[in-house]
1. Filter the range A:657-686 for residues that are out of contact with any Leu (no Cβ under 8 Å at 6 or more places or on another chain), under 19 Å from residue A:462 (Cα atoms), buried (at least 19 other Cβ atoms within 10 Å of the Cβ) and not β-branched (Val, Ile, Thr) and give the result.
2. Tell me which of these residue A:554 doesn't satisfy, since it passes every other one: (1) of a type in the set (Gly, Ala, Ser); (2) within 30 Å of residue A:596 (Cβ to Cβ); (3) surrounded by fewer than 15 Cβ atoms within 10 Å (Cβ to Cβ).
3. Looking at A:41, A:78, A:73, A:97, which is the one that is modelled with pLDDT under 85 and crowded, with 21+ Cβ neighbours inside 10 Å?
4. Hey, any hits in the range A:448-471 for a residue that's within 14 Å of another protein chain (Cβ to nearest Cβ) and either touching a Ser or Thr at 6+ places or on another chain (Cβ under 7 Å) or touching a residue at least 24 places away in the same chain (Cβ under 8 Å) (or both)?
5. Looking only at the range A:646-699, count every residue that is modelled with pLDDT of 90 or more, in a helix (DSSP H, G or I) and under 27 Å from residue A:513 (Cα atoms) and tell me the total.
6. Quick one: which of A:497, A:506, A:492 is within 14 Å of another protein chain (Cβ to nearest Cβ), over 30 Å from residue B:69 (Cα atoms) and in contact (Cβ under 8 Å) with a residue 40 or more places away in the chain?
7. Is it true that some residue in the range B:20-30 is closer than 27 Å to residue A:240 by Cβ, more than 7 Å from every other protein chain (Cβ to nearest Cβ), surrounded by fewer than 18 Cβ atoms within 10 Å (Cβ to Cβ) and over 11 Å from the mean Cα position of the chain (by Cα)?
8. Using beta carbons and a limit of 6 Å, which pairs, at least six apart or on different chains, have the first residue in the range A:266-281 and more than 9 Å from every other protein chain (Cβ to nearest Cβ) and the second one small (Gly, Ala, Ser)?
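The values are calculated or read from the model by the stated rules, or taken from the named source; none is laboratory data. Just so it is clear, the structure is predicted and the values come from calculations on it, not from any experiment. Here the Cβ is made from the backbone with ideal geometry for all residues, glycine too, and neighbour counts use every protein chain on show.
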Amino acid sequence: MSKQNINVALIGNPNVGKTSVFNQLTGLNQQVGNYPGITVEKKVGFCKLPNNINANVIDLPGTYSLNASSADESVVIELLLNKKDKLFPDVIVVVSEVENLKRNLLLFTQIKDLEIPTILVINMIDRMQLKGISLDIPFLEEQLKTKIVLVSSRKKIGVEALKTLITTYKTISTEPCLDASSIDDDYFNTLRKTFPNQSLYKLWLVITQDVNFVDLNRKALEKQSFTKTNSELKKLQQKETIKRYQFINNTLKIGQKVDSAKATDFRSKLDRVLTHKVWGYLIFFVVLFGIFQSIFEWSKIPMDFIDSSFASLSSLTNQNLPPGAFTNLIAQGIIPGIGGILMFIPQITFLFLFISILEESGYMSRVVFLMDKIMRRFGLSGKSVVPLISGTACAIPAIMATRNIENWKERLITILVTPFTTCSARLPVYAIIIGLVIPDKYVFGILNLQGLTLMLLYILGFGMAILSAYMLNKVLQLNCKTFFVVEMPNYKLPMFKNVMITVVEKTKAFVFGAGKIILAISVILWFLASNGPSEKFRNAKTIITSKAENKSLSVLEIENKVAAYKLENSYIGLMGKTIEPAISPLGYDWKIGVAIISSFAAREVFVGTLATIYSVGGSDNENTIRNKMATETNPKTGEKIFNFASGISLLLFYAFALQCISTLAVTKKETNSWKWPLGQLVFMSSFAYIMALIAYQLLK
Amino acid sequence: MKTTIASLKKGEKAIIKDFDADVIPLKLLEMGCLPGNTVQLLQIAPFGDPLYLDINGSHLAIRIETAREIEVDSITK
C-alpha cells in the first residue's frame, strides 16, 4: 500500500484526559503554536499508524459543546466547518470519560451532525470496576452509529486499537445519531429548501454563532430572514439540548449499568477536607508555601553549577581564541548573555512542574470553589485564582486563561491585575539580588531567610494584584450579568508523562523565546559598550596612564582602570549617564539604569545585561555573574553598589513595574483596545518608581 | 415560597422543575441542568457560596444567585 497522510482531530470536554490520549499517540513529536491572529494554543502532533499511514493529530481546545462561548471554542467550530483548512480532519476522535459519559456524549451527538467520520474513545476505563460501571459496547456502537475504543491512557490500554481503528476511517458511518431538527420542523424545512447544498447543522451553527465561512456567509442567512431574536434562538438551543439529552439518557439507560453500591467515597471525603473552612485555606497556604520554598532550595545547586560553567567557558574562549573584536563578542557578549538565561532553567522547571501537578490533579478547581466568595469582594472571580497562580509562571498564558471567566468586568479586572503576580521572568532578578543582599541564614531552624524573602515578594505581588483589583472594582462602572459555572473534576494522580511533556514544552518556550531577545540585546549591548563616539574613548589608555596618581599602579590595575574608563565613555555609558539623575535617588548607578531600560523588553534581560556590561568593563572573565555583582563598588563613596537599601529598592521596582512587551500585546488582544494596556504600563511603572524611591530613601 | 437549589440542605437530593432560560447560561444546560434531571447539593463553600452540585452525574459549582433561579422538587424527606 502506498504512503498516505491523514488529519485526525482530537476533541472532547475539558478534564477527560484528551491531552493524555494525544501524548500517548504522538509522544514528543509535538508542535505547539498559535492559531493565526488569536492567542489560542494550537497543538499538532505526528503519529505513525499501521498500513503505512501517517497522521497529523490536532489536539483541539477542550469544549463542552459546539455552541462556542469563547475564542478557544470558536477555534474548534471554525476548523470543523471549514473544509478548505489544510488541517480539516479526515476523521474526528471524540474523547470521553467513563464516569461522565452522559455529559460527554452531548458534544459527541453534535459532532456526529457534522457528517464527518467520527470515532468515540471512552477513556479512563481503569476506573470502571472501581465505580461499578459496565457498558454494552455493541449496543452503544449501534445507537451512536460509530466505533468505540476503550482506552486507559494511564495504563496504556487501547492506544494501539485506536491507531488501527483510525486507519479504517473510510468505513465509519457519517450519519447523525439523532434528528435534532425535529425541535422546529417548519423552520428547519424552509432552511433545508433554501440551502439544499449545505448541511443543516452547519447552517444552524452559523445562525447561532458568530462565525462566517468562505462558502457560507451570515449575511446571506440574514437576508433570507432566518435569524430570530436572541431569546427565540436561546429557547431553540435549549430545546435542542433537551432533545439531545433525551436521546443520550435513553441510550445509556440500556447501554450503561452503574452499580452505585460499588462507588467509593474517596472523592467526597477529600472534598470535605480540601474545601473545609479552616483546613481548606490552611492546606492551600501550605501548598503555596512549600512550592516557593522548594523552588529556591532545590534549584540552588544546579544554578550555581550552570553559572560557574559559563564563567569558565567564557574565560576559556578568551584564552584560546586569537584576541580581537570577534573573540570579545563571543566571550563578553554572547556567552555571558546565554549563561544569564540558562542559569534559571532549574527554577523555571520546578515552577512549571508544580503548576502542572496542581492542574492535573484536580486540586485547582477546589481552590476556585474555595476562593470565589472572597475574590468577589475584590471584584474578581474564584476563577481568577487560576490566572493569578499560573501568572507565577508567565502572565501571557495567565491572561489567556481568563477566557473562561464568564463575567466581563471580573475578567477585565483579572487581566489588568495579573501582571502584578511574580512571573518566572522576575525570578532571575529576584534570585540574584536576594543572593547578594539577604544573608543565607536560617530562622527557627528550618526557614531559610532567602527563601522567606522570595515568598514575601510573591505575597507582595499577589497583595498588590488584589489591592488594585479592589480599587478597579470601585472605579470601573460596568454592569455585567454574573455567571459562574465551574466543573469539579475527579481527583487524579498526575500522569508523569503529561507533566513532563508540559514542563519540557514550557521550559523550551521560555529558553528559546526569552533566549532570542536576550541574545540580540546582549550583542547590541556589547557593541554599544565596546565602542564610543568621542576622543576620550579612543585615547583611554593614554589618558589613564598619563594621570599622575596612576603612575604607581601595577599593570593589571591600570588595565582595569582603562577598561572602566572606556566603558564610561562608550555609547552605553553615555546613555546610562544621561538617565542617572532619574535613578540615583532609587540607589542605582548608570549600569543598573541600562539594565533596567533594556529589561523593558523582557525582565529577565536584566541579569544578562549586567553580565555583559561587567564583562566588558573588567579584565577578568573567570568570575561568575554573582561575584562580579557582589564586588561592584561605587567609585565615589567606595560603598557596595548592591547593598541592602539599593537591593530592596530594586526588588520592589521589579515587583511592581510592567516590563514586558508581550504582556502589553496580549492585554491589547484580549481587551481589544490600547486603553487598558497603556493604563497598565503607566500605573504599574510609576507605582514601581515611587515605591523603590521610598524604600531606598528610608533604608539608606 | 418556592423551593430552589439555593434552599436545599447539604446532601439533599431534588428534581429540577423549571427555570427561566434567559437567566440561566446555556453552558449550565449543556452540563445537564435540565428539567427532570436530578440534582444533589454536595458541598457549600465557606461563607455560604458557591454551591457544589451533582447534576445528572456532572459535578460542578455555581453561585447562589444562579441557584436561586432554578426551581426544584425535593425528593429526600
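1. Across the range A:657-686, the qualifying residues are A:657, A:659, A:660.
2. In the conditions (1) of a type in the set (Gly, Ala, Ser); (2) within 30 Å of residue A:596 (Cβ to Cβ); (3) surrounded by fewer than 15 Cβ atoms within 10 Å (Cβ to Cβ), residue A:554 misses (2) alone.
3. Exactly one of A:41, A:78, A:73, A:97 is modelled with pLDDT under 85 and crowded, with 21+ Cβ neighbours inside 10 Å, namely A:73.
4. Quick first cut of the range A:448-471, residues within 14 Å of another protein chain (Cβ to nearest Cβ) only: none.
Within the range A:448-471, not a single residue is within 14 Å of another protein chain (Cβ to nearest Cβ) and either touching a Ser or Thr at 6+ places or on another chain (Cβ under 7 Å) or touching a residue at least 24 places away in the same chain (Cβ under 8 Å) (or both).
5. Going through the range A:646-699 one residue at a time, the tally reaches 19.
6. Criteria check complete, one pass: A:492.
7. Of the range B:20-30, the ones closer than 27 Å to residue A:240 by Cβ are B:20-30.
Checking which are more than 7 Å from every other protein chain (Cβ to nearest Cβ) leaves us with B:20, B:23-24.
Next cut, surrounded by fewer than 18 Cβ atoms within 10 Å (Cβ to Cβ) only: B:20, B:23.
From the residues that got through so far, the ones that are over 11 Å from the mean Cα position of the chain (by Cα) too are B:20, B:23.
Yes, the range B:20-30 contains at least one residue that is closer than 27 Å to residue A:240 by Cβ, more than 7 Å from every other protein chain (Cβ to nearest Cβ), surrounded by fewer than 18 Cβ atoms within 10 Å (Cβ to Cβ) and over 11 Å from the mean Cα position of the chain (by Cα).
8. Between residues of the range A:266-281 that are more than 9 Å from every other protein chain (Cβ to nearest Cβ) and residues that are small (Gly, Ala, Ser), the close pairs are A:274/A:280.
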